[in-house]
């Protein structure tokens, strides 16, 4: 039993009925690594930016959770500010992941986080502090980064 | 096995603590007249020791060590107890007990109130007694692998979430083998919190996975029971049963010795840290992690900014300092504000300025507290280090023991005093090490003096024994008697210190500078 059938099906569904703002590059040889582009939602400091995201499925997928990483630098409390750019999503934690969870849900949640960062579950606590103490400075910084790295 | 009672004190497990002391206690008594005659306190203490011998020392706790088989038996016994009351078969009773974290009384209470609800909550609803089975369902497509073969076996629990048997199996294998889950595995469906019961696991899992599942369930028994703790030694499979509760840890330090030989604290799982209570031990370790490495250097090379107390290193020649943090400008020499210096900075003739004096006072205070910490830390670290060196020395000495046997004509049994001395040194240094963490948090009063006297006596005895131990192998034979005496004596001093600190904790006599609850 391999996971290829499931992955192909999930990819097909996302291709036929895409999530707004999420573009998935065709998967040909390597179906365990998806290259994705996410558009920064309007009305957020990430607007007009295009963020390259790598979705990695473990060989045990869907019994183990996928990981999601930003290849484009982004100033966001839920994305680690290092060379990995890992996005911290509650449902991707080993304990919370269920094999019935779908990649559509994962990507929708990731998009939702771009729209409104989750300050209660952040990897970059310094950004959260800035959002609380000086929101304008956060917005300005995030806009600058978007302009520098994602446009 | 029942909890060991007072009568059981003295059994094999309890002896491991001070066996070397007990062995040589008689010898000590004999030697006392010649060696320690002038120490009247010791005589008195020894009298007490003889009188009180059947009584348990205040620093020891009752406990038993349990093997894997004994743990399984304990669970079986409890299941047997409860199943007659509930009138449920063994399997169900075990699940109920696990669900209630082995709190028998709570389970019985709740069950008597509303048996159906208890069964339902624990995943043992009405249909439980039917054996779960695989089914072939027409037109079914598995949501996990997306397979829709009509001949495929499928399975669902009572929640009705159905998947193909292969996916269910792989899900369980992943949870059990790679995530180490057992009693809390949920249905594979997102949002469904129904617990996978053991019948399902038995139906689906391979023998290897099933065996691991049993082992893990056994482990949860120890994790669920507050009176049980795994021995923290790597690869050790014993658990320790001790009645000391987490809420009592400010009054007692429950040091236990596992069958594997590890001495550890039942309260926190850390290596033996008597006489320092768990809370102080944790605070101390945290402080050391933050401070010690750099504290020495800081003390030698830096001063604090008189305004914001940030630590400042002077790395240039100019005495006009500007604090990076608060931008305060001051003079490195007199610590007064730079503004008062005008152009006379080179003389630094503002020595009498009031503000400079205040700043220096403040700084002296913070220095003093750092120096106080370093005093205790250095002694703590030194005993830790010395214990390691003593141990290394013993490894070398062990080799020489063989040569000692041939050169001095002593028998194997006669050179064992070296091992006894080494063990005593290790144990005493471990205790001494933690007396310094204890002392760091101690408030000064009359009790402190008694404690410090005890600490000094033990330290002195340990250093003397340590010195004897360092002699070259060919001289060791001559100092045998002295070494045996000193070995007994350090054990004796250690017991006095532990007895005093343990009594003080029990009576809440010690006053600490920080909260230990």
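Values computed for the structure shown
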read-out	value
Ranked list, fewest to most other Cβ atoms within 10 Å of each Cβ, for B:236, B:268	B:236, B:268
Residue of A:73, A:52, A:132 that the Gaussian network model of chain A assigns the largest fluctuation, springs spanning Cα pairs under 10 Å	A:132
Calculated FRET value between residue B:385 and residue A:139, using beta carbons and R₀ = 51 Å, to 0.05	0.45
Least to most buried among B:450, B:185 (fewest other Cβ within 10 Å first)	B:450, B:185
Cα→Cβ-extended label distance, 7 Å offset, between residue A:108 and residue B:375, nm	6.6
Which of A:80, B:339 has the fewest Cβ neighbours within 10 Å, and the rest in rising order	B:339, A:80
Estimated translational D of chain A in µm²/s (Stokes, Kirkwood radius over Cα pairs; 4 °C; 1.567 mPa s)	81
FRET efficiency, residue B:339 to residue B:72 (Cβ-Cβ, R0 60 Å, nearest 0.05)	0.15
Contour minus Cα-Cα distance for residue B:412 and residue B:101 (0.36 nm per residue)	106.8 nm
Rounded FRET efficiency, nearest 0.05, which uses the C-beta distance separating residue A:30 from residue B:233 and R0 of 45 Å	0.50
For region B:68-129: rounded, prolate or oblate by the Cα gyration tensor [a/c cutoff 1.5]	prolate
Value in Å of the Kirkwood radius, where region B:200-299 supplies the Cα pairs that are averaged	16.2
Inter-site label distance for residue B:117 and residue B:463 at 7 Å from Cα along Cβ, in nm	6.8
Mean Cα-pair separation over length for region B:68-129, i.e. relative contact order, pairs under 8 Å, 6 or more apart, %	23
Sequence-separation-based contact order of region A:4-150, relative, with Cα cut under 8 Å and 6+ spacing, percent	23
Distance (nanometres) between label positions extended 7 Å along Cα→Cβ at residue B:507 and residue B:367	4.1
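Read-outs throughout are calculated quantities, based only on the coordinates presented, and are distinct from any laboratory measurement. Since this is a predicted model, take the numbers as computed values, not measurements. Cβ coordinates were reconstructed from backbone atoms using ideal geometry, including for glycine residues, and neighbour counts include every protein chain displayed.
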